[in-house]
1. Looking at the stretch 1-12, which of its residues are among the aliphatic types (A, V, I, L, M) and within 15 Å of the ligand (Cβ to nearest atom)?
2. Kindly indicate the residue of the stretch 43-68 that is in contact with a Lys or Arg (Cβ under 9 Å, 6 or more places away or on another chain) and surrounded by fewer than 24 Cβ atoms within 10 Å (Cβ to Cβ) and also nearest to Leu312 (Cα to Cα) among those meeting that condition.
3. Criterion first (among the basic types (Lys, Arg), within 16 Å of the ligand (Cβ to nearest atom) and either more than 15 Å from Ala74 (Cβ to Cβ) or in contact (Cβ under 8 Å) with a residue 40 or more places away in the chain (or both)) does Arg332 satisfy it?
4. Do we find a residue being aliphatic (A, V, I, L, M), within 15 Å of the ligand (Cβ to nearest atom) and in a helix (DSSP H, G or I) anywhere in the stretch 67-75?
5. How do the strands (runs of 3 or more DSSP E) wholly within the stretch 115-204 filter down when requiring 3 or more residues that are acidic (Asp, Glu): which remain?
6. Given the structure, is Glu278 charged (D, E, K, R), under 30 Å from Lys165 (Cα atoms) and either touching a helix residue (DSSP H, G or I) at 6+ places or on another chain (Cβ under 7 Å) or more than 10 Å from the ligand (Cβ to nearest atom) (or both)?
7. From (1) crowded, with 21+ Cβ neighbours inside 10 Å; (2) more than 24 Å from Leu261 (Cα to Cα), pick out the condition that doesn't hold for Cys111.
Amino acid sequence: MGNYRIAVLPGDGIGQEVTAGAVEVLKAVGVRFGHEFTFEYGWIGGAAIDEAGTPLPEETLRLCRESDAVLLGAVGGPKWDGNPPHLRPEKGLLAIRKQLDLYANLRPVVCYDCLASASPLKPDLVQGVDFVIVRELTGGIYFGQPSGRVVENGEEKAVDTLLYKKEEIERIVRMAFTLARGRKKKVTSVDKANVLSSSRLWREVAEEVAEQFPDVELEHMLVDNAAMQLIRAPKQFDVIVTENMFGDILSDEASMLSGSLGMLPSASLSASGPSLYEPVHGSAPDIAGMNKANPIAAILSAAMMLRLSFGLTAEAEAVEHAVRQALDQGLRTADLAPSGGRIVSTNEMVEEIKTAVLDYTAIAQIMTVYA
Ligand code: NAD
């Protein structure tokens, strides 16, 4: 039975609601399996700007570094939209990724059978979708310098720089191949090699890494084609590896395959310290504070934490099983309404999943697998 120290950074908007739900579920895991989870809270994003005058206070960073893993909600909102660049909530997110060296962002995209009709795509197209997007998270155009606005000879300009070092590409591509080895053994490397130098280097490095994984198939795909293929035939994918901005955009697109952005968890793995777990979605200001948000992406992120940071596989399965059970029983937050079922609040969904975790038995899990 273990002791685990978790830094919780709820952030803004529905980040507050969904992380509270994930913490409740982790507490249930602690009770059910006899672990002790300690939750310590920190500010990030707009909440941190309001409290401490900066989107990522030093004490938040210290708390994260001293923890075994970090659970994050979401940042941002209209209140801070007019702030200068260094005082924007998103700066806190980019800074924590860089500071904790969270280079590998894993975003599993799974379509639960009972949610196939929640997707705007045809159910037979999305049923059985199961792939992972591996997004490079600490390089590329979000971090490259120079970046900013200038006025030169009276002309206003803005510049962003897409820069990748070979070693940054190598480590993320290796992560994708390692992951594919335990799955369907196929890696799709997405780039824009017909136009971008950084993509040509990306492609070369992917070829080099592939030589060390002869059992895994590598294909290259241009990002515009990948955007189309995700909608045309999403079941062709197993592991998609791509740079920071392409991964950001493609994973939001891919969320529609699972029915809602509120279903997509993510893990951001660190090269050196604690890893961070957060839902893919943002702070959803349009529904913040209404007890309407889907907490499942945050809860599944907590399950990824259990598996990847703590090695607690049975515990992670218990949470995933509980989520599946709640959905199979017809519970739906409003975002999943198109798939039918009974509309419930954030809190009701959390309660149901919590109860299922407390009641979890390995037999229940086996019954699901063989059902
Ligand atoms: P968003 O993900 O917050 O919302 C997009 C749409 O999806 C909204 O209609 C929202 O209601 C819905 N949605 C998102 N998550 C949901 C959930 N769990 N349950 C039900 N519905 C959900 O993206 P946005 O509207 O483009 O951005 C809002 C703010 O969030 C902005 O300030 C943006 O910068 C920020 N943002 C933060 C992150 C992050 O913290 N990782 C990611 C994306 C956007």
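The values are calculated or read from the model by the stated rules, or taken from the named source; none is laboratory data. Note that the structure is predicted; figures quoted are calculated from it, not measured. FYI the Cβ positions are ideal-geometry reconstructions off the backbone, even for glycines, and counts take in every protein chain you see.
1. Narrowing the stretch 1-12 to residues among the aliphatic types (A, V, I, L, M): 1, 6-9.
Val8, Leu9 - these are the residues of the stretch 1-12 that are among the aliphatic types (A, V, I, L, M) and within 15 Å of the ligand (Cβ to nearest atom).
2. Here the residue is Asp68.
3. Numbers: among the basic types (Lys, Arg): yes; within 16 Å of the ligand (Cβ to nearest atom): yes; either more than 15 Å from Ala74 (Cβ to Cβ) or in contact (Cβ under 8 Å) with a residue 40 or more places away in the chain (or both): yes.
For Arg332, the condition - among the basic types (Lys, Arg), within 16 Å of the ligand (Cβ to nearest atom) and either more than 15 Å from Ala74 (Cβ to Cβ) or in contact (Cβ under 8 Å) with a residue 40 or more places away in the chain (or both) - is met.
4. First, the residues of the stretch 67-75 that are aliphatic (A, V, I, L, M): 69-72, 74-75.
Then keep just the ones that are within 15 Å of the ligand (Cβ to nearest atom); that gives 70-72, 74-75.
Filter once more, keeping what is in a helix (DSSP H, G or I): none.
There is no residue in the stretch 67-75 that is aliphatic (A, V, I, L, M), within 15 Å of the ligand (Cβ to nearest atom) and in a helix (DSSP H, G or I).
5. Numbers: elements: 130-136, 144-152, 155-161, 186-191.
Per the criteria, 155-161.
6. yes
7. Going through the list (1) crowded, with 21+ Cβ neighbours inside 10 Å; (2) more than 24 Å from Leu261 (Cα to Cα), Cys111 breaks only (2).
For (1) in contact with a Ser or Thr (Cβ under 6 Å, 6 or more places away or on another chain); (2) buried (at least 17 other Cβ atoms within 10 Å of the Cβ), each residue gets a yes or a no:
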{"position": "Arg149", "(1), (2)": "no, no"}
{"position": "Gly154", "(1), (2)": "no, no"}
{"position": "Lys186", "(1), (2)": "no, no"}
{"position": "Lys192", "(1), (2)": "yes, yes"}
{"position": "Ser199", "(1), (2)": "no, yes"}
{"position": "Glu219", "(1), (2)": "yes, no"}
